[in-house]
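Reading through the C-alpha cells given below for one structure.
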Amino acid sequence: MIEVKNITKSFEGRKVLNDISAVFETGKTNLIIGRSGSGKTVLIKNIIGLMKPDSGEILYDGRDLTSMNKQELNMLRREMGMLFQGSALFDSMTVLENVMFPLNMFSKESYKDREKRAMFCLERVNLEEAEHLYPSEISGGMMKRAAIARAIALNPKYLFCDEPNSGLDPKTSLLIDDLIHDITTEYQMTTVINTHDMNSVMNIGENIIFIKEGVKEWQGTKDQVITSNNKALNDFIFASDLFRKVKEVEMKQEEG
Ligand SMILES: Nc1ncnc2c1ncn2[C@@H]1O[C@H](COP(=O)(O)OP(=O)(O)O)[C@@H](O)[C@H]1O
Ligand SMILES: [Mg+2]
C-alpha cells in the first residue's frame, strides 16, 4: 500500500499539485486519471522520488520516501518497476537483453539464473519467441509487452505505469491493460497507472483517483464512476464518446 499525504508541488510559484492525499492499494490497479496537463505525471514522479514535493509525505507500507537519504531511496527503488511513456527499450539490445538489463544491474544471481528469470518474464507476457529480435523488428504492442517483462524482472512490490497505452490501437490497449491487471493480482503488486483513456478506466479501474488542475476531485471505483454526481468528473468522462453512451443509458434507467 502506498499512502500519499498532503502532497503539494509548485513550479515557479504555480501550484501543479495542491494538497493531494490518496491511498493506492496492494494487489490492485490504482488509476490516476485526468486531462492532459492536470498533474498526473508530476504526481507519479513525486511518488517514485524523481521529484521532491514541497510538502507532504509518501508512505510505502509505512516507510516515508520523503525523509529517506540517497541510499535508502536506492534500496526502495529496487522494489519498484516502471513502465514509462513510450516503451523506452534500448534499441541496440535484443528483447532478451533488454529484460536482463535490470537483473544485470541489481541481481547477484549467476548469468544462467538471470537468463532464466528473464525468459520466465518473457513467457509471462507471451513474448518468448521474440527473445532474439531487436525493438525495431517488433510491433508497438510487443515492445510494450517487452517493457512490462523488463519492469517485473526484479519482482517489484510496486509497479508504476505512465500512460501505458499511448500510441497503441484500442484492441492492443485492452490486451496491455489486462496483462497489467493480471500480473498485479498474480504478484500482489501495488500498481499505479496514469491514464486519460476511458477504456482503461472502465476496464481496470479498481481504485481511481481523479485529478483536475492539480486538485484531487474524486476517488472511487469504475462502478462508482458511472453513478457519480461529481460535475468535474462527469465533464471529464462525458468528453469521451463511449462514456457518454454508457452514462445516458444509466440515466434513462434511473429515470424509470
Ligand atoms: N519540470 C517542470 N517544470 C515546470 N512545469 C512543469 C514541469 N513538469 C510539469 N510541469 C507543468 O505541470 C503541469 C502538469 O503536468 P503533467 O503532470 O505532465 O500533466 P499530465 O501528466 O496530467 O498531462 C503542466 O502544466 C506542466 O506544464
Ligand atoms: Mg503525463
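Kindly indicate whether E186 is in the same structural domain as F24 (by TED's automatic domain parsing) and either within 16 Å of ligand 2 (Cβ to nearest atom) or in contact (Cβ under 8 Å) with a residue 40 or more places away in the chain (or both). Please lay out each step first, then the result.
Details: in the same structural domain as F24 (by TED's automatic domain parsing): yes; either within 16 Å of ligand 2 (Cβ to nearest atom) or in contact (Cβ under 8 Å) with a residue 40 or more places away in the chain (or both): no.
When the stated conditions are applied, E186 does not pass them.
Considering L59, L65, the condition of being open to solvent by less than 50 Å² (accessible area, probe 1.4 Å), touching a residue at least 12 places away in the same chain (Cβ under 8 Å), in the same structural domain as F24 (by TED's automatic domain parsing) and over 21 Å from I208 (Cβ atoms) is satisfied by L65 alone. For region 8-37, the set of residues classified as within 16 Å of ligand 2 (Cβ to nearest atom) and over 16 Å from V192 (Cα atoms) consists of K9, F11, V16, L17, R35, S36, G37, listed by residue number. Of all the residues in region 2-34, those that are crowded, with 16+ Cβ neighbours inside 10 Å and within 16 Å of ligand 1 (Cβ to nearest atom) number 14.
Could you tell me whether any residue of region 8-20 is touching a Lys or Arg at 6+ places or on another chain (Cβ under 9 Å), assigned by TED's automatic domain parsing to the domain that holds V201 and closer than 23 Å to N165 by Cβ? Give the steps one after another, and end with the answer.
To start, the set of residues in region 8-20 that are touching a Lys or Arg at 6+ places or on another chain (Cβ under 9 Å) comprises 8-9, 15-20.
Next, from what is left, pick out any that are assigned by TED's automatic domain parsing to the domain that holds V201: 8-9, 15-20.
Imposing the further condition that a residue be closer than 23 Å to N165 by Cβ reduces the set to none.
Checked region 8-20: no residue is touching a Lys or Arg at 6+ places or on another chain (Cβ under 9 Å), assigned by TED's automatic domain parsing to the domain that holds V201 and closer than 23 Å to N165 by Cβ.
Testing P164 on (1) touching a residue at least 60 places away in the same chain (Cβ under 8 Å); (2) closer than 19 Å to A130 by Cβ; (3) more than 15 Å from ligand 1 (Cβ to nearest atom), one condition comes back false. Which one is that? Here P164 clears every test but (3). Taking (1) in contact with a Ser or Thr (Cβ under 7 Å, 6 or more places away or on another chain); (2) among the small types (G, A, S); (3) closer than 14 Å to Y158 by Cβ in turn, G62 satisfies each apart from (1). Could you list all residues from region 122-141 that are part of a loop (DSSP other than H, G, I, E, B) and either in the same structural domain as T184 (by TED's automatic domain parsing) or open to solvent by 10 Å² or more (accessible area, probe 1.4 Å) (or both)? Across region 122-141, the qualifying residues are N126, E131, H132, L133, Y134, I138, S139. Any residue that is of a type outside the set (A, V, I, L, M) and touching a strand residue (DSSP E or B) at 6+ places or on another chain (Cβ under 7 Å) - is there at least one of those in region 237-248? Checking region 237-248: not a single residue is of a type outside the set (A, V, I, L, M) and touching a strand residue (DSSP E or B) at 6+ places or on another chain (Cβ under 7 Å).
Each row is one residue, and each column tells you yes or no for (1) part of a helix (DSSP H, G or I); (2) within 16 Å of ligand 1 (Cβ to nearest atom).
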| residue | (1), (2) |
| --- | --- |
| V42 | yes, yes |
| N46 | yes, yes |
| L50 | no, yes |
| P53 | no, yes |
| E57 | no, no |
| T66 | yes, no |
| E72 | yes, no |
| M75 | yes, no |
| Q85 | no, yes |
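Checking the stated criteria, K70 turns out to be assigned by TED's automatic domain parsing to the domain that holds F24 and modelled with pLDDT under 95. For region 96-121, filtering for residues that are of a type in the set (A, V, I, L, M, F, W, C) and assigned to a loop (DSSP other than H, G, I, E, B) leaves 0. Somewhere in region 93-106, is a residue out of contact with any helix residue (DSSP H, G or I) (no Cβ under 9 Å at 6 or more places or on another chain) and within 27 Å of P170 (Cα to Cα)? So far as region 93-106 goes, no, none of its residues is out of contact with any helix residue (DSSP H, G or I) (no Cβ under 9 Å at 6 or more places or on another chain) and within 27 Å of P170 (Cα to Cα).
The values are calculated or read from the model by the stated rules, or taken from the named source; none is laboratory data. Here the structure is a predicted model, which means the values were calculated and not measured. Please note: Cβ atoms are built from the backbone with ideal geometry, for glycine as well, and neighbour counts cover all protein chains shown. Just so you know, the surface numbers come from the protein's heavy atoms only, side chains and all, with ligands and any DNA or RNA stripped out. Shrake-Rupley method; radii C 1.70, N 1.55, O 1.52, S 1.80 Å.
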